[in-house]
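Beneath this line is the structure, given in structure tokens, with notes to follow.
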Amino acid sequence: MTKSYRFEVKPSENNTRLPRLAVHETAQRQTETGVREKRPCAILGDCGEGYLMSDEAASATIHFAGNEFFIGISPSGHAITVDTGHQPSSAPSPVELLLIALGSCTAVDVISILQKKREVVTDYRVKVSGDRREEHPRSFTRLRVHHVVKGHNISPKSVAQAIELSEKKYCSVAATLRPAAEIQSTFETIEEKND
């Protein structure tokens, strides 16, 4: 599959720092008959079939969009604006995206495991924070991952097992970060009240 992207960075309509970005994608794929088919899709929309990051070499592309903004294109073809500059920011910074990556990676594992254990989860959140070095590079030395699971009769043992499986077996983001930073996980369960 070949994907081509065209970017147009335009001034924002309401004079905010964030440029308005028009992204166009044309996906080409080999059909069963051997004919190459082109079909346009909005990069943030549904292209009719999912583009998933394969287990092979992953490749993201980062485009400079001006005014301290970058546009990152994930291996699955999704775009995200990255702000590297001023306060208040108009988009997440690369370091903020790292926290989101860790939290979402473990969250996917934990909720999936809890659902397989037939736990009745009504709300689930992961809060990720960290301590960074004072000198450059300001890498994280410690990351704290706090899971908040709300539901009906949630088993703390099941939550602890799900977090442990995520940390030790499934979460590739944690496995990537762990050699450089200590990761501390905690959790709390909240009983959902019946009205």
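Considering only segment 138-191, state which residues are in contact with a His (Cβ under 6 Å, 6 or more places away or on another chain) and either aromatic (Phe, Trp, Tyr) or outside the structural domain of residue 126 (by TED's automatic domain parsing) (or both). Scanning segment 138-191 gives a single hit, 187.
Give me the residue from segment 58-85 that is part of a loop (DSSP other than H, G, I, E, B) and over 18 Å from residue 101 (Cβ atoms) and, out of that set, modelled with the lowest pLDDT.
85
Considered as a group, the residues in segment 92-107 that are under 23 Å from residue 170 (Cβ atoms) and hydroxyl-bearing (Ser, Thr, Tyr) include one that is nearest to the chain's Cα centre (by Cα), and that residue is 104. If you go through segment 153-195 and keep only what is more than 22 Å from residue 119 (Cβ to Cβ), among the small types (Gly, Ala, Ser) and at pLDDT 95 or above, you end up with 172, 175, 181.
The values are calculated or read from the model by the stated rules, or taken from the named source; none is laboratory data. Quantities reported herein were computed from a predicted structural model and do not represent experimental measurements. Positions of Cβ are backbone-derived with ideal geometry, glycine not excepted, and every protein chain shown enters the neighbour counts.
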